[in-house]
Amino acid sequence: MPDPREEALQRARDCQVRFIELWFTDILGNLKSVAVPVTELETILEAGKWFDGSSITGYAEAEESDILAMPDPTTFTVLPWTNGGEVTGRFFCDILQHDLSPYPGDPRWVLRQTLQRAAGMGFTFNVGPELEFFYFKDSEAPSRLDNKGYFDSSRTGHPNAVLIKTVQALESVGIQVETYHHEVAPSQHEIGLSYCDALRMADNVITYRTVVKEVAQDNGIYATFMPKPIYGVAGSGMHVHQSLSREGRNAFFDPSDSMHLSTIARQFIAGQLRHANEICAVLAQWVNSYKRLVPGYEAPVYISWAQRNRTALIRVPLYRPGNEQATRAELRCPDPACNPYLAFSVMLAAGLEGIEHKYEIPDPVEPNIYHMPAEEREELGLEHLPHNLKEAVDVAAKSDLLRRTLGEHIFVRFIRNKRAEWDQDRVQVTSHEIKRYLPML
């Protein structure tokens, strides 16, 4: 079997790479990077690169700051832009401690651990997220570049040219694109990525967000994954299609079931429904995330599941005969500004809880939940997702599942960070308040 380190070295030589970027994220999913000359590549592949973790959000304290970025040689690619005109390669890194054991503050390691738990049960976790984003003129204000809507044709114009360049850039770094199109809101777009295992997809999501922003910037516009940048129109979501496979077959599929869902699939969905409020702070981690999770824009508000109903938290797309591999559950509350390593971890952990403890799935809710009278929702026992970040963090802080999945190191720091964000935001005086109250009070 080929040595991935040798393959990376050879490809770097073939592509005349001059610089190498080592990528990882902080606990919030912000991309961090350190660059080295390609002459250091062989040494770094063997020994990694030490850095000061005390300045990384959620990483080491000052007295234990030295940690190691170890490149994952299977993630090498050549970036679709240059560094001062020079070709640049990139690796994702695993973060290690002095004794070379995994660093507990590394989100990528958290996902590896959760995937190992699934593997111990015989499962591989596959995901296909749909990341939406907006193009604006700049980062100063949400200035729309078009007034188009869902699936509107946009063969001409600057945004469409940038979108095509972005697709080409993604394909050049090995990310397979299935579709790209205009989304519901003006200036909103989506590029669909092909289904794959969760670790590779988390890496792909970080790369996707970086490529979208870099290509936009190179073409004089600004791309944002902010969940709700414009009042009164749809926000940007990251609907995640999920399935478990076992021995190469889709463990969610059962030909004898009326909905073609296996017991495993039903228990997995039941686990996510039961723990939805606990994991919401990770899936929708910003104050702004909860401006998107409101009725009226196909973003979920109530904890339920269905097949056709897009107001449900989890949707099971209709089965197409002969396509059992496509049987899946679509979780609709995450947004594209989350940390994908932690998001996929808690989604999987919640589903595995359902399987391990044989949770019973409630009945599906097919009618539009937003149109239901409050009495009907109450009769059905529909629980509401957190209304804001504070509610989400308060529930998360009490969650044994979240603490076990994230580990003590990240759990404590994540909760602390999110509470600080809420405290900072709640004392701000917004332009909306000035406009509404200043003339009347």
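The values are calculated or read from the model by the stated rules, or taken from the named source; none is laboratory data. Note that the structure is predicted; figures quoted are calculated from it, not measured. All Cβ positions, glycine included, derive from the backbone under ideal geometry; neighbour counts span all protein chains shown.
Could you grab me the full set of residues in the stretch 147-176 that are farther than 30 Å from GLY232 by Cα and either part of a loop (DSSP other than H, G, I, E, B) or aromatic (Phe, Trp, Tyr) (or both)?
VAL173, GLY174, ILE175, GLN176
What are the residue pairs meeting all of these: first residue in the stretch 219-236, first residue touching a residue at least 60 places away in the same chain (Cβ under 8 Å) and among the charged types (D, E, K, R), second residue assigned to a loop (DSSP other than H, G, I, E, B) and buried (at least 17 other Cβ atoms within 10 Å of the Cβ), Cβ atoms under 8 Å, and 6 or more apart or on different chains?
That search, which allows pairs on different chains as well, returns LYS228/GLY235; LYS228/SER236; LYS228/ASN288.
Quick one: which residue in SER345, SER304 is in contact with an Asp or Glu (Cβ under 9 Å, 6 or more places away or on another chain) and among the hydroxyl-bearing types (Ser, Thr, Tyr)?
SER304
For ILE264, only one of the following conditions fails: (1) crowded, with 24+ Cβ neighbours inside 10 Å; (2) farther than 30 Å from HIS432 by Cα. What is its number?
Single failed check for ILE264: (1).
Identify, from the list GLU298, GLU278, the residue that is under 28 Å from GLN424 (Cα atoms) and either out of contact with any strand residue (DSSP E or B) (no Cβ under 9 Å at 6 or more places or on another chain) or surrounded by fewer than 18 Cβ atoms within 10 Å (Cβ to Cβ) (or both).
GLU278
So which residues in the stretch 10-42 are acidic (Asp, Glu) and over 22 Å from ILE95 (Cβ atoms)?
ASP14
Filtering the stretch 319-361 down to residues that are more than 22 Å from the chain's Cα centre (by Cα) and crowded, with 17+ Cβ neighbours inside 10 Å, which residue is farthest from TYR302 (Cα to Cα)?
Only one residue tops the list, namely TYR319.
Taking strands (runs of 3 or more DSSP E) that fall entirely within the stretch 177-228, which contain at least 3 residues that are outside the structural domain of GLY89 (by TED's automatic domain parsing) and more than 16 Å from PRO142 (Cα to Cα)? Show your work before the answer.
Details: elements: 177-182, 188-193, 222-224.
Passing ranges, in order: 177-182, 188-193.
For the stretch 34-54, does any single residue satisfy the condition of being in contact with a Ser or Thr (Cβ under 8 Å, 6 or more places away or on another chain), exposed (fewer than 15 other Cβ atoms within 10 Å of the Cβ) and assigned to a helix (DSSP H, G or I)?
Yes; the residues of the stretch 34-54 include at least one that is in contact with a Ser or Thr (Cβ under 8 Å, 6 or more places away or on another chain), exposed (fewer than 15 other Cβ atoms within 10 Å of the Cβ) and assigned to a helix (DSSP H, G or I).
Which residues, taken from the stretch 85-134, are in a strand (DSSP E or B), assigned by TED's automatic domain parsing to the domain that holds PHE268 and surrounded by fewer than 17 Cβ atoms within 10 Å (Cβ to Cβ)?
Correct list: THR124 only.
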